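As structure tokens, the structure follows; a few thoughts come after it.
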Amino acid sequence: MPRGVFERKVVLTGGSTLIVSLPKEWCRQVGISPGDKLSMVIQPDYSLRLLPKKDEKRAYETTMVVSSKITPKAVEREFIARYLLGYDVIRIQFEEGTYEHRAAVKRALSKKLIGVEIIEEDARSMVVQCLAKPSELSVKDATRRMMKITSSMVNDAVECLLNPQEDILREIVEREDTVDKFYLFIVRQLKSAAVGLYLPSEVGLRDLREALGYRIVSKSVERVADHAKRVAIMIPQIKDCAEICELLAILGRKSSEMFDAACKGFFEMNKSLAHEIVEKVEGLRSDEAAVLRKILETRPEASQVLVVSTVLESLKRVADYSSDIAEITVNLAAEL
């Protein structure tokens with residue numbers, strides 16, 4: 001029999017109760033004792049998943065050693081990777097010459113992560129704890145907030161094509177950090193559910209199939225925010241292209257409306273609306289062609305063509321990701 005696979009005979013007791021014994025090895029590994037409770041989760045294929053249910057969850061800890069041989073950026077990625085794996089406590093040991101590496105971890109804490117705080121620190125070590133729990137911010141609530149912020153970024157960026165305002169453009173760029181925080185928090189919760197640290201219901205979802213849908217949708221929303229930021233960065237560089245900007249704004253408003261509709265359809269599990277969005281994306285080709293024709297007619301400088309083309313591509317991508325969200329809606333709705 002394969003390692004980790006146990007066979008047990010179903011026993012009838014009391015005339016109607018079916019009993020199956022638990023493997024001693026598994027009970028010892030997970031710390032199950034007589035009187036403890038187990039959660040039994042019915043899977044889509046009708047198999048059962050058993051999870052130890054303790055009154056208090058033990059802290060899920062890890063330790064990382066930071067050496068000067070790796071770059072501060074690499075340390076930041078390693079730290080975020082452990083956060084995404086669901087660790088509650090991350091203990092960091094710093095070797096000599098790693099001041100910049102420590103600063104990189106602190107930047108990640110403040111700019112990219114939700115509910116993560118330094119609870120201990122000295123010259124050679126740091127203990128970081130994630131205080132945010134699924135009960136306080138579910139996957140669905142985090143995704144809804146992420147979508148709302150991203151929608152405002154896209155709408156504001158499109159309006160600034162016709163009426164650029166430095167303060168609004170700067171805010172759009174700053175809001176992208178908040179979207180990234182929500183995205184990483186969502187991925188953390190979904191991974192925690194996937195490896196069994198939480199039940200899907202504890203993060204606000206029905207099952208792991210729904211979790212996969214939210215993983216794809218959250219990534220699409222995060223990418224839309226990236227493109228809204230990209231448009232905001234490009235707008236100050238546009239010079240003497242008023243007619244082109246008017247056409248870009250028309251395309252941008254349609255993309256923005258599709259994104260809002262895709263988000264609405266996703267939370268309502270509205271298949272009709274989702275199908276409509278997917279089909280509408282194809283209709284944007286004519287708006288794209290109008291922008292390209294105007295570029296050929298007005299013949300702006302090469303530097304302006306590059307900037308305008310970048311904005312055009314980003315606005316198109318907003319629509320494409322909206323279509324991706326709509327397709328996930330269709331897939332999830334079909335499973336209900």
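The values are calculated or read from the model by the stated rules, or taken from the named source; none is laboratory data. These figures come from a predicted structure and were not determined experimentally. Here the Cβ positions follow ideal geometry from the backbone for every residue, glycine too, while neighbour counts run over all protein chains shown. The area values use the complete protein model at the heavy-atom level, side chains included, leaving out ligands, DNA and RNA. Shrake-Rupley method; radii C 1.70, N 1.55, O 1.52, S 1.80 Å.
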Evaluate the following for A59: is it modelled with pLDDT under 75 and under 26 Å from the mean Cα position of the chain (by Cα)? yes
List the number of the failed condition for S323; all other conditions in (1) within 20 Å of S220 (Cβ to Cβ); (2) open to solvent by 20 Å² or more (accessible area, probe 1.4 Å) hold. (2)
In the range 76-100, anything over 20 Å from A123 (Cα atoms), touching a Ser or Thr at 6+ places or on another chain (Cβ under 9 Å) and of a type outside the set (A, V, I, L, M, F, W, C) is listed as R82, G86, Y87
Single condition P200 does not satisfy, out of (1) out of contact with any strand residue (DSSP E or B) (no Cβ under 9 Å at 6 or more places or on another chain); (2) open to solvent by less than 20 Å² (accessible area, probe 1.4 Å): (1)
Mind checking which residues of the range 213-223 are open to solvent by 30 Å² or more (accessible area, probe 1.4 Å), of a type in the set (A, V, I, L, M) and within 11 Å of V318 (Cβ to Cβ)? none
I'd like the full set of residues that are farther than 21 Å from E246 by Cα and either open to solvent by less than 40 Å² (accessible area, probe 1.4 Å) or in contact (Cβ under 8 Å) with a residue 12 or more places away in the chain (or both), limited to the range 277-297. I277, V278
Evaluate the following for V307: is it in contact with a Ser or Thr (Cβ under 6 Å, 6 or more places away or on another chain) and in contact (Cβ under 8 Å) with a residue 40 or more places away in the chain? no
Please determine whether any residue of the range 144-151 is within 20 Å of S110 (Cβ to Cβ), among the basic types (K, R) and open to solvent by less than 60 Å² (accessible area, probe 1.4 Å). no
Any residue at all in the range 171-192 that's farther than 29 Å from Y87 by Cα, in a loop (DSSP other than H, G, I, E, B) and open to solvent by 30 Å² or more (accessible area, probe 1.4 Å)? no
Filtering the range 160-169 down to residues that are part of a helix (DSSP H, G or I), in contact (Cβ under 8 Å) with a residue 12 or more places away in the chain and open to solvent by 60 Å² or more (accessible area, probe 1.4 Å), which residue is farthest from C263 (Cα to Cα)? E166
If K264 meets every condition in (1) within 30 Å of G204 (Cα to Cα); (2) out of contact with any Leu (no Cβ under 9 Å at 6 or more places or on another chain); (3) of a type in the set (K, R) apart from one, which number is that one? (2)
Tabulated pairs, the range 131-152, first part of a loop (DSSP other than H, G, I, E, B), second polar (S, T, N, Q), C-beta under 7 angstrom, 6+ apart or interchain: P134/Q189
Which one is most open to solvent (accessible area, probe 1.4 Å), of the residues in the range 84-102 that are of a type in the set (D, E, K, R) and not in a loop (DSSP other than H, G, I, E, B)? E100
The range 224-259, residues that are within 17 Å of E327 (Cβ to Cβ) and either in contact with an Asp or Glu (Cβ under 7 Å, 6 or more places away or on another chain) or surrounded by fewer than 17 Cβ atoms within 10 Å (Cβ to Cβ) (or both): none
State which residue pairs qualify: first residue farther than 19 Å from R91 by Cβ and open to solvent by 30 Å² or more (accessible area, probe 1.4 Å) and inside the range 103-120, second residue modelled with pLDDT of 90 or more and β-branched (V, I, T) in any location, beta carbons under 7 Å apart, and separation of 6 or more residues or different chains. K112/I80
Based on what the data block shows, is Q189 within 27 Å of L38 (Cα to Cα) and among the polar types (S, T, N, Q)? yes
For the range 72-83, does any single residue satisfy the condition of being part of a strand (DSSP E or B) and either open to solvent by less than 50 Å² (accessible area, probe 1.4 Å) or at pLDDT below 95 (or both)? no
Take the conditions in a helix (DSSP H, G or I) and more than 23 Å from R230 (Cα to Cα) and apply them to V330. Does it pass? yes
